[in-house]
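In what follows, a single structure is set out as structure tokens and then discussed.
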Amino acid sequence: MASNNWNADQYVKNAAFVSNYGSAVAELLRDINGQKILDLGCGDGRLTLELVEKGATVVGIDASTSMIESAQEKGLDAHVLDALEMSFDQEFDSVFTNATLHWIPDHPRLASNVFRALKPNGQFVGEFGGHGNVAAINTAIRGVLAKNGYDWSGKKPVTYPSVQKFKMVLEEAGFSVPYIELIPRPTPLPTGIKGWIETFGSTFLEDAEPEARRGLIDEIENLLAPALRDEFGNWTADYIRLRFKAQMYSQAS
């Protein structure tokens, strides 16, 4: 997974909105009292804890050691594990994921791993970045890098699929997909675009020295300000999320 170097404290400072919005996604699980759930990409465990409080037994996995340490400090059953390497076999009633799958490069392999991890009649529920997510931000970063002679190739470590594409991936893994849609979700950035880049965009700028990196970030900020910053200085990112609920075929509705 591309997101294995998260810093838990930095993430809470710049991106607490990720877990806040994820609570609505968790509602797709419906009644989970007594279920065993895998929280795939659990981060610091804020949503994992919500699932536990609803009566579920939850195992959290994440590729970031810092995030897992934070989750374990909350008393959660959380483990450092790459979702592409997991080998659970019919262990969970549900798999839940929020804001993680766009960081995983191989969706077919991921979907196959999830299918194997579920008990018969299990469900896979989640949300992540879909087609068009942060398009303005990505375009600005790409333009500034090119203008300053930096290579963009390989610097987009995320995958934002269309509904059609991800539905195909799920169905090929063996799921039926009773619900899937793209949801435009303009998202306030509490620490502005610089905080967003600090948290999510460091890979884009890794070829630049620290001083040059600061200059690049200033350019990106100036380029995006007319579109994403309001007259009071508040920043809003152009998020588009792909939300879905997939089930074993025998549970299709």
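The values are calculated or read from the model by the stated rules, or taken from the named source; none is laboratory data. Being a predicted model, the structure only gives us computed values, none of them experimental. Positions of Cβ are generated from backbone atoms using ideal geometry, with glycine treated the same way; all protein chains shown enter the neighbour counts.
Within the set of pairs 6 or more residues apart or between chains, which connect a residue that is on the phi > 0 side of the Ramachandran plot and modelled with pLDDT of 95 or more inside region 70-90 to a residue that is assigned to a strand (DSSP E or B) and surrounded by 16 or more Cβ atoms within 10 Å (Cβ to Cβ) with Cβ atoms less than 8 Å apart?
Gln90/Leu118
Quick check on my filter: what residues within region 213-238 are in contact with a helix residue (DSSP H, G or I) (Cβ under 9 Å, 6 or more places away or on another chain) and either among the charged types (D, E, K, R) or assigned to a strand (DSSP E or B) (or both)?
Arg213, Asp218, Glu219, Glu221, Arg229, Trp235, Thr236, Ala237, Asp238
Check Val163 against each of (1) in contact with a Leu (Cβ under 9 Å, 6 or more places away or on another chain); (2) buried (at least 18 other Cβ atoms within 10 Å of the Cβ); (3) under 20 Å from Lys245 (Cβ atoms) and name the one condition it does not meet.
For Val163, the failing item is (2).
When you check Arg214 against the structure, is it out of contact with any Asp or Glu (no Cβ under 6 Å at 6 or more places or on another chain) and charged (D, E, K, R), yes or no?
The answer is yes for Arg214.
Yes or no: region 184-206 includes at least one residue that is more than 26 Å from Ser112 (Cβ to Cβ), of a type in the set (D, E, K, R), at pLDDT below 90 and surrounded by 15 or more Cβ atoms within 10 Å (Cβ to Cβ).
Within region 184-206, one or more residues are more than 26 Å from Ser112 (Cβ to Cβ), of a type in the set (D, E, K, R), at pLDDT below 90 and surrounded by 15 or more Cβ atoms within 10 Å (Cβ to Cβ).
State the number of residues belonging to region 33-53 that are modelled with pLDDT of 95 or more and either among the charged types (D, E, K, R) or more than 18 Å from the chain's Cα centre (by Cα) (or both).
Residues in region 33-53 being modelled with pLDDT of 95 or more and either among the charged types (D, E, K, R) or more than 18 Å from the chain's Cα centre (by Cα) (or both): 6 in total.
Starting from region 103-121, keep only residues that are on the phi > 0 side of the Ramachandran plot, then list their pairs with residues that are assigned to a helix (DSSP H, G or I) and not aliphatic (A, V, I, L, M) whose Cβ atoms are within a distance under 9 Å, requiring at least 6 positions of separation or different chains.
Pairs that qualify, where the first residue is on the phi > 0 side of the Ramachandran plot and the partner is assigned to a helix (DSSP H, G or I) and not aliphatic (A, V, I, L, M), are Asn121/Ser250; Asn121/Gln251.
Considering only region 11-24, state which residues are part of a helix (DSSP H, G or I) and either at pLDDT 85 or above or exposed (fewer than 15 other Cβ atoms within 10 Å of the Cβ) (or both).
Scanning region 11-24 gives Lys13, Asn20, Ser23, Ala24.
Quick one: how many residues across region 161-183 are among the β-branched types (Val, Ile, Thr) and either closer than 24 Å to Trp235 by Cα or at pLDDT below 90 (or both)?
Qualifying residue count for the region: 1.
Could you pull out the residue among Leu182, Leu242, Leu170 that is under 25 Å from Thr100 (Cα atoms), touching a strand residue (DSSP E or B) at 6+ places or on another chain (Cβ under 6 Å) and assigned to a helix (DSSP H, G or I)? Before you say what the answer is, go through the steps one by one.
Working: Leu182 fails: assigned to a helix (DSSP H, G or I); Leu242 fails: assigned to a helix (DSSP H, G or I).
Result: Leu170 is the single residue among Leu182, Leu242, Leu170 that is under 25 Å from Thr100 (Cα atoms), touching a strand residue (DSSP E or B) at 6+ places or on another chain (Cβ under 6 Å) and assigned to a helix (DSSP H, G or I).
Out of all the residues in region 167-176, which are touching a Ser or Thr at 6+ places or on another chain (Cβ under 9 Å) and surrounded by fewer than 18 Cβ atoms within 10 Å (Cβ to Cβ)?
If the condition is that a residue be touching a Ser or Thr at 6+ places or on another chain (Cβ under 9 Å) and surrounded by fewer than 18 Cβ atoms within 10 Å (Cβ to Cβ), then Glu172, Gly174, Ser176 are the ones that fit.
Would you check which residues across region 96-148 are surrounded by fewer than 22 Cβ atoms within 10 Å (Cβ to Cβ), modelled with pLDDT of 95 or more and hydroxyl-bearing (Ser, Thr, Tyr) and list them?
Once the filter is applied, which keeps residues that are surrounded by fewer than 22 Cβ atoms within 10 Å (Cβ to Cβ), modelled with pLDDT of 95 or more and hydroxyl-bearing (Ser, Thr, Tyr), region 96-148 yields only Ser112.
Checking Tyr179 against (1) surrounded by 16 or more Cβ atoms within 10 Å (Cβ to Cβ); (2) touching a residue at least 60 places away in the same chain (Cβ under 8 Å); (3) touching a Phe, Trp or Tyr at 6+ places or on another chain (Cβ under 8 Å); (4) not basic (Lys, Arg): exactly one of these is not met. Which one?
Failing condition for Tyr179: (1).
Name the pairs whose Cβ atoms lie under 7 Å apart, with the first residue in region 202-230 and within 20 Å of Ser153 (Cα to Cα), the second hydroxyl-bearing (Ser, Thr, Tyr) and surrounded by 14 or more Cβ atoms within 10 Å (Cβ to Cβ), and 6 or more positions between them or separate chains?
Short answer, once both residue conditions are applied: Asp207/Tyr150; Ala208/Tyr150.
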